[in-house]
Amino acid sequence: MSAPQIAEILRDRYGFDFPADRVKEIARTATSTVYEANNDDGAAVQIEVLDPPAAGDVDALDAAFASVTAPGAFRPRHAGLLAGGSMYVLSEATVGTPLAELIERKRAAGEAFTPVETRDLLRPAAEAVDAYNAAGHPEFLTRSINPGAMLVQPSWSQVPVKLSMVGPSAPASAAQHASATTAEDNLHDFWNVVAEVTGQPVDEEAATKHATAAGYLDEVTGSDPAAGDVAPGAQDGYRRPPEPYPAGTFAPEQPEKARRNPWPWIIAALAVALVAMAGAWWWTTQRGEEWTGANAEIAEAYPNIISGKSGQKGWEDLVCEPAATDAGQEGKIRCAGADLGVSVAKYATESERDDAVPGQQYATVLGSGACMIEDYEIPAASPSAFAMAPRDKGEYLIVVNGAEAEQKRLDLPVCEETTSTD
């Protein structure tokens, strides 16, 4: 299949603007060809064209894709049929280094992963395995649970390792898919990955005791997943440490409060958004649902930014959807279009929100009177991005990103109190 044909499909069916010369073949599997498309705005998607001609129900596959949300896996988003009958799968673009390379470097240095490192590296992937198994779609991980397809993420990511090549491995009916790979097969594959990482054989006793990948991982590492950092330390030598903030300056000698580098999680979220959000609203199957929980509080706090219901248009006609939360957040809504995005997150406390930004000494103060906002330019974000911490609503943090973010953030109706955009 030619690059111009793929660019045409992405444009006509999904509204993506990817030049044909930015569509590249990146891999060839036993049953498919994988392409990646990207553009100068930082957006990217992956499209896998399967062969031979398909006999599957693409609507059923779309529903299956939407039924699983797992941060430890690059998600397939949509299935479709080409004019000749072949099936394709549109997915999040992948990034990262194969886990196999990391294992080999450790072995070459005569080193081994500690139990805590093993747990922290693999637990999100284990949870992804369990999520697909529990949803009744273990067949989507047929090619994913091995060190070559598990990708170590850059240092900004909250998830150290993600599963790639998620989705149908050959065009077939839903019934054929269901019989191809079982949940037990996935568990066996995951046990073998743990053995590769630790250099120890599969623990048969633990395997017998646990019906989940996460349970097995916790057992063999002998560690509590609630203890310690979520991800391996940045100085381990296999994940590049984040750059210090702010670039070119130094923190005060006696800061009011010791704070971690706040930007990696924000830049991570923006990177994911730039990959997926330009056309994410095409992939939503449940339109117009009421906001619930903390997201309902976000919508009530900022009715002129957030749409009245999930999947509808809010400020600047940006389509608003629930988003994955980060550390300390109770809820988050992402509103995005092709060139602009706004994320509004609610933290449990003002203190936790304040831990997510560098501090007032680095802020530009916008507004006046009862509505004042501490505004921060996020370094190394492309396109540009700004974090806004309202003083009157201390649990909330707003991030604006896009080519016109610097100007658009000044127009954002943070202080206005009117009716919902619904």
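Per-structure values
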{"quantity": "Added length on full extension, which subtracts the Cα-Cα distance from 0.36 nm per residue, E404 to A112", "calculated": "100.4 nm"}
{"quantity": "Per-pair calculated FRET efficiency, R0 = 60 Å: A30 and A296 via Cβ, rounded to 0.05", "calculated": "0.80"}
{"quantity": "Added length on full extension, which subtracts the Cα-Cα distance from 0.36 nm per residue, V58 to A135", "calculated": "26.0 nm"}
{"quantity": "Partners for K408 among aspartates and glutamates (Cα-Cα distance below 19 Å; same-chain residues under 8 apart left out)", "calculated": "D41, E316, D317, D339, E374, D375, E377, E416, E417"}
{"quantity": "Contact order normalised by residue count of segment 304-422, Cα under 8 Å, 6+ apart, percent", "calculated": "26"}
{"quantity": "In Hz, Karplus ³J(HN,Hα) per residue of segment 195-207 (6.51, -1.76, 1.60; θ = phi - 60°; x = Gly, Pro)", "calculated": "4, 5, 5, 7, x, 10, x, 4, 7, 5, 5, 5, 4"}
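Since every read-out is calculated from the coordinates, none of them should be taken as a lab result. Since we're looking at a predicted model, the values are computed, not measured. When we count neighbours, we look across all protein chains shown, and the Cβ atoms used for this are built from the backbone with ideal geometry, even at glycine.
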